[in-house]
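Just below is one structure, and these are the notes that go with it.
The values are calculated or read from the model by the stated rules, or taken from the named source; none is laboratory data. Here the structure is a predicted model, which means the values were calculated and not measured. Glycine also receives a Cβ, built like all others from the backbone with ideal geometry; neighbour counts cover every protein chain displayed.
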Amino acid sequence: MFESNFESEFLTPAEESKNRYRRLIEQAAQIVCASLPDGPYCGKSAAALRNLIGANFLPDAGCSVEDISAALRTVVSNSIAVSHPNTAAHLHCPPMLAALAAEVVISALNQSMDSFDQAPIATVVEQQLIRWLCSEAGLPSTADGTFTTGGSQSNYMGLLLARDMFCRKQWNWSAQKSGLPPEARRLRIFCSDVAHFTVDKSASQLGLGTDAVVRVPTDDQFRMNPMALRDSIEAVRAKGLLPMAIVATAGTTDFGSVDPLPELASLAHPAGAWLHVDAAYGGALLFSARHRGKLQGIDAADSLSIDFHKLFWQPIPCSAFLLRNAAHFASIKLHTDYLNPELHDDEGIPNLVTTSLLTSRRFDALKVWISFQTLGRTKLAAMIDRTIELAAHAVRVVRETPRLELVCEPQLSTVVFRYVPSGVDLDSDQLNATLRQRLFDRGLAVVGHTRVRSRQCLKFTCMNPAVTENQMERLVRLIVEQGMEVESEPGPPT
Ligand SMILES: *Cc1c(COP(=O)(O)O)cnc(C)c1O
């Protein structure tokens, strides 16, 4: 006879089970609240963290609640505090409370977006939300899309569909069926010299190779230069190569710069190239009356990436891929008898596996819906505007601070700058790198770093509209103090 007490491991309609579920959720929230770090990070190195984690990942018998709580507290207290005012390195946001609550619902329901019979209402919510997003972006009624795990996957999808469409149009070739055509070596993808590295990554994963990516120079504001793009297209053509896609960036990761979308669109389409707009970061501007104009021309995109786990304050993962003409999803569509038999197409049963790279997939659309319902359009816009304004304030402070030098005008919510040592004999690139590492190791601040035209720079990525001007000023002062300390130490900075 099969006997067990496994029921207690699951959420069931029994009152006892529901109470246990509520208690566990409450306990988990308590642990997070009780152990949230005071600073941005404790400063521990990877080696020090390794020592905190035991080796017995699967004990013979389950551990006590106390031991489990202790393990969770260790994790919480050694994490990056994403809401701390001195956490300003990456496009890594503090998540909204409404979205955290939605996450509890998403996990408890555990719907899987691949087939309607695993996610009936979730399918409908995602479809309607995606179509609404398409219309907010100005795409026509032929548009559709899908939730993805991030800008990386969305960019990959855009280039995958672009490649397949090009092969069909140029050679009447199905890449889905026959793989790459022999002429695939001639395909070229254009993007700016500061576009995201996932353009290269996608090209390599798509069998085109990173050599297929042509990096086009940018102007002094790090926007793709349309003249240079035109010249690049001509140069590529002259060599018998084929412009397959142009990736425009709406909000570059380092500078927030937005490529001139109308100009790029007017070059892409006559050249027979797909226009993918990587708005992973800048897509949020769609919802800011004040800044929306910066995205002018985005409605010409053949495909579009928008990350909700950046300037929409959603927990990771939460991102969308939008496609101008839903018919292009056909190139990734496959039928499988157990999931989405062809019969379902005739019956009008939507199985979202046909428009995704994934099979099992989370109901991330719920977070966006609940967050948007909670905030409303006015407050969402105010949060986006405030975050951009905070970066503008940081710029003013950096400008007034003698030891700091602004590297470029801010365009979204990033601020790229350098610490300028007083001694001319100091290696300032090394000093900026040491400074950033010291801030991290001492648990004082988590700020970004990047290289701009071969100089080592510091970067704030402002992601938290709740940070005050004062807190921002204190962060800048802290950086200068630590910089002066590094500078004053004998020998090369280490
Ligand atoms: C963040 C970012 C990406 C990558 O997105 P993930 O969500 O991290 O996968 C792509 N492009 C740009 C411009 C980005 O800022």
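Here are a few things to note about the model shown:
- Test: residue in segment 300-309 that is surrounded by fewer than 18 Cβ atoms within 10 Å (Cβ to Cβ), in a helix (DSSP H, G or I) and more than 16 Å from the ligand (Cβ to nearest atom): no
- Cross-chain or 6+ apart pairs with Cβ under 7 Å, segment 134-157 first and under 19 Å from SER356 (Cα atoms), then of a type in the set (Lys, Arg) and away from the ligand (no atom under 15 Å from the Cβ): THR142/ARG324; ALA143/ARG324; ASP144/ARG131
- The condition of being part of a helix (DSSP H, G or I), closer than 30 Å to SER152 by Cα and not assigned by TED's automatic domain parsing to the domain that holds GLN314 holds for only one of ALA70, ALA102, ALA48, ALA34, that being ALA102.
- Strands (runs of 3 or more DSSP E) contained entirely in segment 391-494, each with at least 3 residues that are under 21 Å from CYS93 (Cβ atoms): 414-419, 446-452, 455-461
- Candidates are the residues of segment 344-369 that are part of a helix (DSSP H, G or I) and free of Cβ contacts under 8 Å to residues at least 40 places away in the same chain; the one that is nearest to ASP144 (Cα to Cα) is THR354.
- Some residue of segment 171-184 being under 18 Å from ALA265 (Cβ atoms), touching a residue at least 24 places away in the same chain (Cβ under 8 Å) and assigned by TED's automatic domain parsing to the domain that holds ALA268: no
- Selection from segment 141-161 of residues that are away from the ligand (no atom under 16 Å from the Cβ) and of a type outside the set (S, T, N, Q): ALA143, ASP144, LEU161
- Counted residues, segment 261-294 - those being within 16 Å of the ligand (Cβ to nearest atom) and either within 18 Å of ARG230 (Cα to Cα) or crowded, with 24+ Cβ neighbours inside 10 Å (or both): 13
- Only one of PRO315, PRO350, PRO341 that is on the phi < 0 side of the Ramachandran plot and within 16 Å of the ligand (Cβ to nearest atom): PRO315
- Criterion: at pLDDT 95 or above and either outside any helix (DSSP H, G or I) or of a type in the set (Ser, Thr, Tyr) (or both) - qualifying residue of PHE321, PHE329, PHE372: PHE321
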